[in-house]
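Heads up, the thing below is written out as structure tokens.
The values are calculated or read from the model by the stated rules, or taken from the named source; none is laboratory data. Since the model is a prediction, treat every value here as computed from it, not as a measurement. Positions of Cβ are generated from backbone atoms using ideal geometry, with glycine treated the same way; all protein chains shown enter the neighbour counts.
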Amino acid sequence: MRVEFTVNGRRESVDVEPRRTLADVLREELGLTGTHLGCEHGVCGVCTVLVDGGAVRACLMFAVQADGSSVTTVEGMAAEDGAMHPLQRAFCDHHGLQCGFCTPGMLMSALDLLHRVPPPSRQHIREELSGNICRCTGYSGIVDAVEAAARELNSLSEAD
Ligand code: FES
Ligand code: FES
């Protein structure tokens, strides 16, 4: 089946078997390997991307279900000049990653949260990210990073 969608602002058109997941098509057809795969059954959160602005598990969604949608992956977070998104910078500054395997999913889940709740409480950040598993960091640095980015984005929007 033909799937036509927008990925990180670019129109894409791919022929896919109906059984293929969005994660596989992003990685294998479009070369967007920033979206990781871990459990492949909706538990670990590493495959999280935004579809029409909301966080989804790309391992649980068929690519054909994304037809006509707008998808954002971790590759779409940085500015066109390559400048990191404030969330990405905050993960670096606050030790929000070690091996980096969970990081794309954490970033996308956090981005979804910051779009919906400006700025979330520390407890809210913990609850929202509880569906994303990290084996390395102990989570504190991740929560610190999201809190810092939320503050920065909130002060930017107040200045507008
Ligand atoms: Fe999708 Fe684990 S790979 S939730
Ligand atoms: Fe290694 Fe999270 S940084 S799994």
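Out of Pro86, Pro18, which single residue is farther than 18 Å from Asp112 by Cα and in contact (Cβ under 8 Å) with a residue 24 or more places away in the chain?
Of Pro86, Pro18, the one residue that is farther than 18 Å from Asp112 by Cα and in contact (Cβ under 8 Å) with a residue 24 or more places away in the chain is Pro18.
Here are some conditions: (1) within 16 Å of ligand 2 (Cβ to nearest atom); (2) of a type in the set (Ser, Thr, Tyr); (3) surrounded by fewer than 20 Cβ atoms within 10 Å (Cβ to Cβ). Thr103 meets all but one. Which one does it not meet?
Checking Thr103 against (1) within 16 Å of ligand 2 (Cβ to nearest atom); (2) of a type in the set (Ser, Thr, Tyr); (3) surrounded by fewer than 20 Cβ atoms within 10 Å (Cβ to Cβ), the one that fails is (3).
Which of the helices (runs of 4 or more DSSP H) contained wholly in segment 44-160 include at least 2 residues that are within 30 Å of Val16 (Cα to Cα) and at pLDDT 95 or above?
The helices (runs of 4 or more DSSP H) meeting that bar are 103-116.
Has segment 36-48 got any residue that is touching a residue at least 60 places away in the same chain (Cβ under 8 Å), surrounded by fewer than 21 Cβ atoms within 10 Å (Cβ to Cβ), within 16 Å of ligand 1 (Cβ to nearest atom) and more than 23 Å from Glu158 (Cα to Cα)?
Within segment 36-48, one or more residues are touching a residue at least 60 places away in the same chain (Cβ under 8 Å), surrounded by fewer than 21 Cβ atoms within 10 Å (Cβ to Cβ), within 16 Å of ligand 1 (Cβ to nearest atom) and more than 23 Å from Glu158 (Cα to Cα).
Within 13 Å of the chain's Cα centre (by Cα), crowded, with 18+ Cβ neighbours inside 10 Å, over 13 Å from Gly105 (Cα atoms) and modelled with pLDDT of 95 or more: is that true of Leu32 in this structure?
Judged against the criteria, Leu32 is a match.
Of the residues in segment 49-85, how many are within 12 Å of ligand 1 (Cβ to nearest atom) and within 11 Å of Asn8 (Cα to Cα)?
Matching residues across segment 49-85 total 1.
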